[in-house]
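Taking it in order: structure first as structure tokens, then the write-up.
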Amino acid sequence: MRWFNLLKRRHRDQRYQPVVLVTGCSSGIGLALARLLWKLPQYRVVITLRSHSLGKLSDAGLTNNERFWIQQLDVTSAEDRRRLINEITQRWGKVDILVNNAGISYRAVVEHMDSATELLQLETNYLGPMGLIRLVLPGMRLTGRGKIINVSSVSGMLAMPTMASYSASKYALEGASEALWYEMRPLGINVSLIQPGFVRSNSFRNVVYSSQSALSQAMGGPYSEYYRHMSPFIEKMMQRSRTTPETVAHTILRVIRTENPPLRVPASIDASVFYYIRRWVPRRLLHPFLFWCLPGSRTWGLLYSQKRG
Ligand SMILES: NC(=O)c1ccc[n+]([C@@H]2O[C@H](COP(=O)([O-])OP(=O)(O)OC[C@H]3O[C@@H](n4cnc5c(N)ncnc54)[C@H](OP(=O)(O)O)[C@@H]3O)[C@@H](O)[C@H]2O)c1
């Protein structure tokens, strides 16, 4: 009887075709991962886009078929999230692997953000992904296996000026994922954070400006020097990076395929370097040093500064 059960389980495992759900697949890392999964028949795949981006996929040659499903999802909408998971459950039973990739990045100093923009940043990069996780966990718990893969960033270990809200969203994702790792360990569910640094792509074009940060760049003001230096600096670092969306997508695929992947997975050389800098250099030295390295930082705000001494 025991042998029969073992054989039955083995047979079922051979037919096991995990359902992978990836969010934010209209461009960048999400699109690169979608292209990889398109070629892998061992997975059933759901990729999601916002409705205004659905047209972008026809150029990429990705279409619906019996194991590849393109769905609409705005991660900030609780109704969208519920509808999507219900539809996947009806069609394929459950989600086995969730890749929370969708994200936005505000370029604004703290003073130029407001409650609405802060909330949108957090809803997209943190609250939405957590909402999706809550919807897929019950199915994973029932079968005692599953993977949650959250795309974080180097900004989740080191913050940069003009990107405070983005960093806050990634730090939040890092903290919650770490707690979830402990919670899920006894239940057979893996939790991983993918940490890309600068990625060579056009994603800097998708950066979002709050109305005040856009105004400050156009009209000047106490923070205009910060933007004048930081925006081209980040753009340049991205263009010079050896890491592409395809490289990061391969890293995510490796995590999908690994039996017990680690919690944190650096996805670029700079991410590994920053990891060790963060670990070994005392913060008291690290922050002044990084400030000194930032372009033009010694001139930032000088004309407007009332600093004494
Ligand atoms: N590029 C980098 O240098 C870098 C570095 C570190 C970490 N990351 C992280 O990697 C992930 C992917 O970034 P990427 O570089 O590939 O950026 P990207 O090319 O701008 O792609 C972002 C994706 O997220 C989607 N998205 C944005 N808001 C959404 C929402 N409310 N609901 C659903 N989808 C939404 C976008 O879809 P739409 O077409 O609908 O806007 C797009 O498909 C993000 O989490 C980002 O924080 C990127």
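Where Lys and Arg each count +1 and Asp and Glu each count -1, what net charge lies around ARG91 among other residues with Cβ under 14 Å from its Cβ?
Details: positive: ARG44, ARG67, ARG83, LYS94; negative: GLU66, GLU87, ASP96.
Computed value for this residue: +1.
Full-extension gain between ALA218 and ARG205, please, as 0.36 nm times their residue separation minus the C-alpha to C-alpha distance.
Numbers: separation 13, 0.36 × 13 = 4.68 nm, distance 1.71 nm.
Contour length minus the Cα-Cα distance gives 3.0 nm.
Extension gain ALA60-LEU40, at 0.36 nm per residue separation less the Cα-Cα distance, in nm? Don't jump to the answer; show the numbers that get you there.
Working: separation 20, 0.36 × 20 = 7.20 nm, distance 1.61 nm.
The ALA60-LEU40 span can extend by a further 5.6 nm.
Enumerate the calculated ³J(HN,Hα) couplings along the stretch 23-34 in order (Karplus 6.51 cos²θ - 1.76 cosθ + 1.60, θ = phi - 60°), each rounded to whole Hz, writing x wherever the residue is Gly or Pro.
Result, rounded to whole Hz: 9, x, 9, 7, 7, x, 5, x, 5, 4, 5, 4.
Within the stretch 88-176, report the chymotrypsin sites (Phe, Trp or Tyr not before Pro) that DSSP leaves as loop and that have at most 14 other Cβ atoms within 10 Å.
Values: sites: TRP92, TYR106, TYR126, TYR166, TYR171; in loops: none.
Answer in residue order: no site qualifies.
Using DSSP to call loops (not H, G, I, E or B), can you name the chymotrypsin sites (Phe, Trp or Tyr not before Pro) in the stretch 15-52 whose Cβ has at most 14 other Cβ atoms within 10 angstrom? Don't skip to the end; give the middle numbers.
Values: sites: TYR16, TRP38, TYR43; in loops: TYR16, TYR43.
For chymotrypsin sites (Phe, Trp or Tyr not before Pro) across the stretch 15-52 that sit outside H, G, I, E and B with at most 14 neighbouring Cβ atoms in 10 Å, the list reads TYR16.
According to the Cα gyration tensor, what semi-axes, each the square root of 5 times an eigenvalue, does the equivalent ellipsoid of the chain have, listed from largest to smallest in whole Å? Show your work: numbers first, answer last.
Values: eigenvalues 300, 89, 59 Å².
Semi-axes (√(5λ), whole Å): 39, 21, 17.
Taking 7 Å along the Cα-to-C-beta vector as the label spot, tell me the THR258-SER51 distance in nanometres, rounded to one decimal.
3.9
Angle between the Cα long axis of helix 224-240 and the longest principal axis of the chain, 0 to 90 degrees, nearest 10?
40
Sticking with the crude label model, points 7 Å out along Cα→Cβ, report the distance from SER77 to SER115 in nm, one decimal please.
2.4
In the chain, once you exclude exposed GluC sites (Glu not before Pro) (DSSP loop, at most 12 other Cβ within 10 angstrom), what's the longest stretch remaining?
Details: sites that count: GLU66, GLU259.
Longest gap between qualifying sites, sites excluded: 67-258.
Determine, for each peptide in 260-266, 293-299, 154-160, 195-201, the mean count of other beta carbons within 10 angstrom over its residues, then list the peptides with the highest first. Walk me through the intermediate numbers first.
Values: 260-266: 16.1, 293-299: 12.3, 154-160: 20.4, 195-201: 22.9.
Result, highest mean first: 195-201, 154-160, 260-266, 293-299.
Do the sum for the chain: with -39,500 (n - 2.57) for every DSSP H run of n ≥ 4, divided by all residues, what is the mean residue ellipticity at 222 nm, to the nearest 500 deg cm²/dmol? Show your work: numbers first, answer last.
Details: 12 runs with 151 residues, N = 309.
Only helices count here, giving -15500 deg cm²/dmol.
With each pseudo-label sitting 7 Å past Cα toward Cβ, what's the ARG15-ARG278 distance in nm, one decimal?
4.4
Can you give the angle from 0 to 90° between the axis of helix 245-257 and the longest principal axis of the chain, with both taken from C-alpha atoms, to the nearest 10?
Around 40 degrees separate the two axes.
Could you work out which residue, out of SER169, SER77, SER26, moves most in a Gaussian network model of the chain, that is, has the largest mean-square fluctuation with Cα springs under 10 Å?
The residue that fluctuates most here is SER77.
So what's the net charge close to SER27: Lys and Arg +1, Asp and Glu -1, counting the other residues with Cβ under 13 Å from its Cβ?
Details: positive: ARG35, ARG50, LYS56, ARG205; negative: ASP59, GLU246.
Net of charged neighbours comes to +2.
If you filter the stretch 36-91 for trypsin sites (Lys or Arg not before Pro), then keep DSSP loop positions with at most 11 other Cβ within 10 Å, what is left?
Details: sites: LYS39, ARG44, ARG50, LYS56, ARG67, ARG81, ARG82, ARG83, ARG91; in loops: LYS39, ARG50, ARG67.
Those that pass, being in a loop and sparsely packed, are LYS39.
Mind sorting ASP270, ASP96, ASP59, ASP114 by how few other Cβ atoms lie within 10 Å of their own Cβ, fewest first? All intermediate terms of the calculation are to be shown ahead of the outcome.
Numbers: ASP270 20, ASP96 23, ASP59 7, ASP114 12.
The fewest-first ordering by Cβ neighbours comes to ASP59, ASP114, ASP270, ASP96.
Just so you know, all these numbers are worked out from the coordinates, no wet-lab data involved. Please read these numbers as outputs of a predicted model, since none were measured by experiment. When we count neighbours, we look across all protein chains shown, and the Cβ atoms used for this are built from the backbone with ideal geometry, even at glycine.
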